[in-house]
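Let me begin by presenting the structure, written as structure tokens, before commenting on it.
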Amino acid sequence: MPNWVYNRVHGSKKVCELLLGSDRRPSFLKVVPTPRELEELDNLPDQTLYEAYASYLFEDDTKLKELYKTRKFDEQYKSFDDFLAYLSSEYPLQKMFAVRDLKKKYGVTNWYDFNCRYYGCKWDARELYNDPYPADVDEIEFETPWSPPEGVMNKIAKMLPDEKFTWHCDEESCAFSFDSIYPGDGTRYEEDVLPEYYMPYIIDEEELVNECKDITKAETLYNAIECAFPDGCDFDVKEDKTAKTITVTVYNWECYGGEELYSHVFKNINFEKEEK
């Protein structure tokens, strides 16, 4: 099974409609439809073999001769010519012309390579919920295998260059988490963010004060502040020995931009070192 990437698209009803199939469930087929001729060729019995055969016929490629030995066809057929005779009966020349034309048109000859190249991932969107999306939706969530569908993102931006939307992606093993932001002027930029599934609880100002209200020693206060917040929480601590204060500023992860959540000043702090 692949590692799954969580995707959330928000901010444009037109964009969201492009990402919904006829059943109102997430799909990329409106943005990047699978070519019909590609679907027909996907029914051939041995994808690797017919691609190598097509390359041999039209590009004088050596891959087929390599397969002849590595796949031990030389044990089934007396000669390479006998092997070619088998292929000509199994894979008619008409289909080989179709393979050649697909390669020229799309750069690929099978569904897997097509999806990786044009979606940015190997499968279509996987829904997170059983219910279809209602009309006028402005946010859609779905999953993709291994990678975000960057090909789909960029295609939508070209189809609807004036639409503003944000595409959030994060991978389940914490390999990456970012927002792709399309401001509606034909540009795109990214911001690294914390993953959706890793949003630890941030204590509010009242709770912080209650945790530390009876502490007057600077060293003890620092330790208490460190323990109060979960690992990775975004906060700053500044001291003013003249004013005998320590100021704690906490930033809100849910804002994805380091916006200040609150700032609290602890007063009458003793900065003298404790004697051992």
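The values are calculated or read from the model by the stated rules, or taken from the named source; none is laboratory data. The shown structure was predicted, so the numbers you read here are calculated from the model rather than taken from an experiment. FYI the Cβ positions are ideal-geometry reconstructions off the backbone, even for glycines, and counts take in every protein chain you see.
Things to note:
- Which listed residue, of Tyr53, Tyr68, Tyr106, is aromatic (Phe, Trp, Tyr) and under 26 Å from the mean Cα position of the chain (by Cα): Tyr106
Table: residues versus (1) assigned to a loop (DSSP other than H, G, I, E, B); (2) of a type outside the set (Asp, Glu); (3) at pLDDT 90 or above; (4) in contact with a strand residue (DSSP E or B) (Cβ under 7 Å, 6 or more places away or on another chain).
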position: Cys121; (1), (2), (3), (4): yes, yes, yes, yes
position: Asp124; (1), (2), (3), (4): yes, no, yes, no
position: Gly184; (1), (2), (3), (4): yes, yes, no, no
position: Leu194; (1), (2), (3), (4): yes, yes, no, yes
position: Pro200; (1), (2), (3), (4): yes, yes, no, no
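- When Gly21 is tested against the conditions (1) closer than 30 Å to Phe165 by Cα; (2) in contact with a Phe, Trp or Tyr (Cβ under 7 Å, 6 or more places away or on another chain); (3) not acidic (Asp, Glu), the lone failure is (2).
- Subset of segment 218-259 (residues that are assigned to a strand (DSSP E or B), among the aliphatic types (A, V, I, L, M) and at pLDDT 90 or above): Val237, Ile246, Val248
- Of residues in segment 1-41 being touching a Leu at 6+ places or on another chain (Cβ under 8 Å) and in a helix (DSSP H, G or I), the one modelled with the lowest pLDDT: Leu41
- Matching residues, segment 18-40, being without any contact (Cβ under 8 Å) to a residue 40 or more places away in the chain and either exposed (fewer than 14 other Cβ atoms within 10 Å of the Cβ) or under 17 Å from Gly184 (Cβ atoms) (or both): Ser22, Pro33, Arg36
- The residues of segment 68-112 that are over 14 Å from Phe58 (Cα atoms) and of a type in the set (Lys, Arg), listed by number, are Lys69, Arg71, Lys72, Lys78, Lys105.
- Close Cβ contacts (under 6 Å, 6 or more residues apart or on different chains) running from residues in segment 88-104 that are under 11 Å from Tyr53 (Cα atoms) and among the basic types (Lys, Arg) to residues that are modelled with pLDDT of 75 or more and crowded, with 16+ Cβ neighbours inside 10 Å comprise Arg100/Ala54.
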